[in-house]
Structures are given as structure tokens and as C-alpha cells.
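The values are calculated or read from the model by the stated rules, or taken from the named source; none is laboratory data. Please read all numbers here as calculations on a predicted model, not as lab measurements. Virtual Cβ from ideal backbone geometry, glycine too; neighbours counted across all protein chains shown.
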Amino acid sequence: MTQQQMNKKILVIPGDGIGAEVTTWGKAVLEQIGKTYGHTFTFDEALMGHAAIEATGSPLPDETLEKAKASDAILFGAVGHAKYDNDPSAKVRPEQGLLGIRKGLGLYANLRPIMLFDELLNASSLKPEILKGTDILFFRELTGDVYFGEKKRSADTASDLMIYHRYEVERIAIKAYEAARLRGKRLCSVDKANVLETSRLWREVVQEVAKRYPDVETEHMFVDNAAMQLVKNPKKFDVVLTANLFGDILTDEASQIAGSMGMLASASIGDGTGFFEPIHGSAHDIAGQDKANPLASILSVALMLEISFGLSEEAKSIKAAIDKTLKAGYRTGDIADADTDKSKILGTTAMGKKVLEYL
Ligand code: IPM
Ligand code: MG
């Protein structure tokens, strides 16, 4: 039992697609942790993305941002809808909600741990002997870069400004170095400094910050090479520090190391309320069919407990429950392989319940 009993306000933002199905289980796990360890979690809900556009016209209603700021942590599902993906001219888009809340809450650091459960070594398209032992923590910058630079469009040209300020690179570099210090003491900063001016600034600032962490071994790597090394020898990485766009792409790639996008959780942090979400998207193709893997949402809750509330024992118990569920052979479709006992391939609900049982 942890000494301190906590009383925390959690805002759940299910969003679109499979968001509601998976956050249901993240929330259920939080409730059970509350009962077991004597913490009180109170829940509120808010709209974002396509769901919010339909209801209010805005992907991020003011009310959602206000509730977010007033909460102690946010559990988020996903945003997106196929309708907008095939309509490049749409001015109002679900993703603007997510980008808006990242900016609005100052969530500049996105932590994406690539955690490997041994039982899932065969679920990956990569060879088990290449994967075994991999443990990477990505620090993706989240409120700068080409995502937030000025966008321009005329009939025949379009541009997105890729821009970084020194302070933006410095503050996430510090967070990444602090984390590296507590882990394998190796940090790989990924950029494209052979071509991009923003990357040259990035590298300059990281080199400066590196001097304050002589105990951490620093490596600088170009993003194209990093993309290749990740699948060639993922074990070589410990902490990876990178910009917004590169981090978006590399973490989807790295999710295959963990077997499936359905396994990866992420924490977005800054100076205020933390935001916890699976890295997978809204997956409309399987929404409402009880097929989505709830484990990334449940792992997001473990990150929340650890990072926002310092409840590492509780977080560990969640990871242990997932481990037991997988050891017992239960899988959702995305992490099943040829050897999986068909009777143990579960839907979202049954998988969520199994984790609760083991918890
Ligand atoms: C992610 C997603 C988002 C991003 C989209 C939905 C805007 O892909 O969180 O990785 O690009 O950051
Ligand atoms: Mg992404």
C-alpha cells in the first residue's frame, strides 16, 4: 500500500473511432486501482475531434480545454475520421483538436516507451532475436516544428514552415537527458542536420545541453539512418530525442518492435496537466466492432499513475496484470500470431475484463 491516498480529477476524452471502446478499459483499470490502493479518482468527460465537430462545430470546444486545464490528468482515446482524410480541402479537421490541446496545455514533450512483452516477440514482423531485450524511450517534441509553423496555400503552391526556437529544443533535451540518467545513460538525438537549418539549431542546442550531462553518452543520428537502424538493431537505442515530425514517423515504425500499434502508450507532458493516450489512431475500419486492443489505453493509465501522480507501485501492478494476461495466452487480433490458440483471441471487452481479473 502506498502511504498517501490520492484524490484526483481525471478528464476522459474518448474522441473518435475506437477511442471510446479503449478508454472505457483505461478508466475501468483506474477505478479498480482506486479501490485496491485507496485512491479516489473522479471522472468527467469531454468532446474532441470529429465527435466535437458534429456536436459543436469545433474540434476543440472551449469547454473541453477549460475542463482539461482544471483536471489533474487526461485520459485520451483518438481523433480522426475517414471523411476528412479523403477531403484535402476540409478546413475544419478532427486532428486540429488534438494539436490545439497539445498547444493549449503546453504539452511539449511526448514520451513514447517501446516496451516489449516477451510473449509478443512472435507478433512482430521483425525477427525475435533482433527484438529481444529492446527497451527504448522516445522523447518526441510536441508543440513546435512543421506542425505549428505558418501554413500557406495558393492555387499551385503550398508551404508549411518548419521552425524551432532554441528554448523549445533546450527544454525537451533537458527532460530527455534527465530520463537517460535514470535508464541506460545513452541518448541518441535524431535530426537531419545535413540538410535542415532547424536540425542544425537542434543539434547545436543538444550539444550544449549534453555538456551538463557528462555521465550520459550522446550520439547524433540523421533521421534516415535512424529509421534504418531501428529495424536493423533496435537494441542499440536507449533514449531517443527527436523533433515533432520525425518523432511521429519513427514511433509508428518503432511500434512494430512491440508487436502492434495497439500496445503503445504515450504521455504528453509540459508544465501543467499531463495527457495520456495510446499512439494508435481512431481506426475507423474496426470501430464499434469490439476488435480494438485496449492494452495501449490501459498502459497509458500506468504512465499516468507513474508520471503525473508518482504512483509507481500501482503502475507496476498494471504492467504485471497485462503480463499475466499475455502469459496466459490471451490476445486481441492485432497481437495474435499463427501459434495463438484461437479460443484465446479476445475482443476489446473480454480483453479488458481479463486484465481486470489479473489486476
Ligand atoms: C500521433 C498522431 C497525431 C500526430 C495526429 C492524429 C495529428 O499521428 O499522435 O502520433 O501526428 O501527432
Ligand atoms: Mg502519429
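Condition check ((1) in contact (Cβ under 8 Å) with a residue 24 or more places away in the chain; (2) outside the structural domain of residue 29 (by TED's automatic domain parsing); (3) closer than 16 Å to residue 290 by Cβ; (4) among the acidic types (Asp, Glu)) across all residues:
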site: 308; (1), (2), (3), (4): yes, no, no, no
site: 311; (1), (2), (3), (4): yes, no, no, no
site: 314; (1), (2), (3), (4): yes, no, no, yes
site: 318; (1), (2), (3), (4): yes, no, no, no
site: 326; (1), (2), (3), (4): yes, no, no, no
site: 332; (1), (2), (3), (4): yes, no, yes, no
site: 335; (1), (2), (3), (4): yes, no, yes, no
site: 340; (1), (2), (3), (4): no, no, no, no
site: 346; (1), (2), (3), (4): no, no, yes, no
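Residues considered: 78, 28, 73, 109. Of these, the only one that is over 28 Å from residue 249 (Cα atoms) and hydrophobic (A, V, I, L, M, F, W, C) is 28. The residues of the range 262-279 include none that are closer than 11 Å to residue 112 by Cβ and surrounded by fewer than 21 Cβ atoms within 10 Å (Cβ to Cβ). Taking the condition under 29 Å from residue 157 (Cβ atoms), more than 16 Å from ligand 2 (Cβ to nearest atom) and in contact with a His (Cβ under 9 Å, 6 or more places away or on another chain), does residue 88 pass? It is false that residue 88 is under 29 Å from residue 157 (Cβ atoms), more than 16 Å from ligand 2 (Cβ to nearest atom) and in contact with a His (Cβ under 9 Å, 6 or more places away or on another chain).
Looking only at residues in the range 13-31 that are buried (at least 23 other Cβ atoms within 10 Å of the Cβ) and in contact with a Phe, Trp or Tyr (Cβ under 7 Å, 6 or more places away or on another chain), the one that is farthest from residue 71 (Cα to Cα) is 15. Looking at this structure, is residue 191 within 19 Å of residue 254 (Cα to Cα), out of contact with any strand residue (DSSP E or B) (no Cβ under 8 Å at 6 or more places or on another chain) and touching a residue at least 12 places away in the same chain (Cβ under 8 Å)? For residue 191, the condition - within 19 Å of residue 254 (Cα to Cα), out of contact with any strand residue (DSSP E or B) (no Cβ under 8 Å at 6 or more places or on another chain) and touching a residue at least 12 places away in the same chain (Cβ under 8 Å) - is not met. Of all the listed residues (68, 90), the sole one being away from ligand 1 (no atom under 12 Å from the Cβ) and either of a type in the set (Lys, Arg) or without any contact (Cβ under 8 Å) to a residue 12 or more places away in the chain (or both) is 90. Where strands (runs of 3 or more DSSP E) fall entirely within the range 29-134, those with at least 1 residues that are of a type in the set (Phe, Trp, Tyr) and modelled with pLDDT of 95 or more are at 40-45, 73-78.
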